[in-house]
1. In the stretch 94-102, is there at least one residue being crowded, with 18+ Cβ neighbours inside 10 Å and modelled with pLDDT of 95 or more?
2. State the number of residues belonging to the stretch 126-142 that are in a loop (DSSP other than H, G, I, E, B) and within 14 Å of SER57 (Cβ to Cβ).
3. Go through (1) crowded, with 16+ Cβ neighbours inside 10 Å; (2) of a type in the set (A, V, I, L, M, F, W, C); (3) in a strand (DSSP E or B) one by one and return the number of the condition LEU50 breaks.
4. Is it true that some residue in the stretch 89-110 is in a helix (DSSP H, G or I), farther than 18 Å from ASP140 by Cβ and touching a residue at least 24 places away in the same chain (Cβ under 8 Å)?
5. Give me the residue from the stretch 114-133 that is at pLDDT below 95 and not charged (D, E, K, R) and, out of that set, nearest to SER167 (Cα to Cα).
6. Looking at PHE123 and the list (1) more than 16 Å from the chain's Cα centre (by Cα); (2) closer than 17 Å to SER59 by Cβ; (3) in a strand (DSSP E or B); (4) of a type outside the set (A, V, I, L, M), which single condition is not satisfied?
7. Under 6 Å between Cβ atoms, at least 6 apart or on separate chains: pull out the pairs that start in the stretch 146-162 with a residue that is under 15 Å from MET71 (Cα atoms) and end on any residue that is in a helix (DSSP H, G or I) and not charged (D, E, K, R).
Amino acid sequence: MLFFQQSFNVISQNVQKKILNCFVKSINYLLLHCTRFNQLDMSKKVLYTLEYPIRCSPSILYEFLISPAAMQEWFADKVDERDGVYSFSWNGTEEKAVLLEKEQDKFIRFRWSHMAKDEYFEFSIIKSEVTNQTVLVIKDFADKKEIKDQSQLWEYQVKDLFHRLGS
């Protein structure tokens, strides 16, 4: 470990940032997909919801939630779409998600190809009539004991999204 720390100190700050960013994305990927490899635990996952107020129009936000090019800026290292199947890559590992439903400027619902048919993740956009504020609502499924970790992952992803949106 000491050798790693000494070697790390020699590397430029720019390279250090790139290494740390790669490390964080790897950890996020593992947190997001670790249940895929834990098939012995057959416990039913539960739906949880996260809400994030944002200073952005619903139409611009919607594009960042559905466009592969925009999603590549905040959600994954690489994003492609073909016939409603999205391919997301993190550090060379690819996962596929099917686009289940969408409504322009309202919501997008995906299902990971390895997840149960009744499980999905969804981005909803709500515009408050009273405050005129836009709210991003994320719905996802996780084991009860993993909801905190999954929520932290979404928090990290959403911060990156907000940064890209200038919010």
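The values are calculated or read from the model by the stated rules, or taken from the named source; none is laboratory data. It should be emphasised that the depicted structure is a prediction, and the values quoted were computed from it without experimental measurement. Note: ideal-geometry Cβ built from the backbone for every residue, glycine included; neighbour counts use all protein chains shown.
1. Of the stretch 94-102, the ones crowded, with 18+ Cβ neighbours inside 10 Å are 97.
If we keep only those that are modelled with pLDDT of 95 or more as well, we get 97.
Looking for residues that are crowded, with 18+ Cβ neighbours inside 10 Å and modelled with pLDDT of 95 or more, one finds at least one in the stretch 94-102, hence yes.
2. Just the residues of the stretch 126-142 that are in a loop (DSSP other than H, G, I, E, B), to begin with: 128-133.
Restricting the remaining residues to those that are within 14 Å of SER57 (Cβ to Cβ) gives 128, 132-133.
Adding up the residues that qualify gives 3.
3. Every condition holds for LEU50 apart from (1).
4. No, every residue in the stretch 89-110 fails to be in a helix (DSSP H, G or I), farther than 18 Å from ASP140 by Cβ and touching a residue at least 24 places away in the same chain (Cβ under 8 Å).
5. GLN133
6. The single condition PHE123 does not satisfy is (1).
7. ASP160/TRP74; LEU161/TRP74
Residue-wise test of (1) out of contact with any strand residue (DSSP E or B) (no Cβ under 6 Å at 6 or more places or on another chain); (2) surrounded by fewer than 15 Cβ atoms within 10 Å (Cβ to Cβ).
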{"residue": "TRP90", "(1), (2)": "yes, no"}
{"residue": "ILE108", "(1), (2)": "no, no"}
{"residue": "HIS114", "(1), (2)": "yes, yes"}
{"residue": "LYS127", "(1), (2)": "no, yes"}
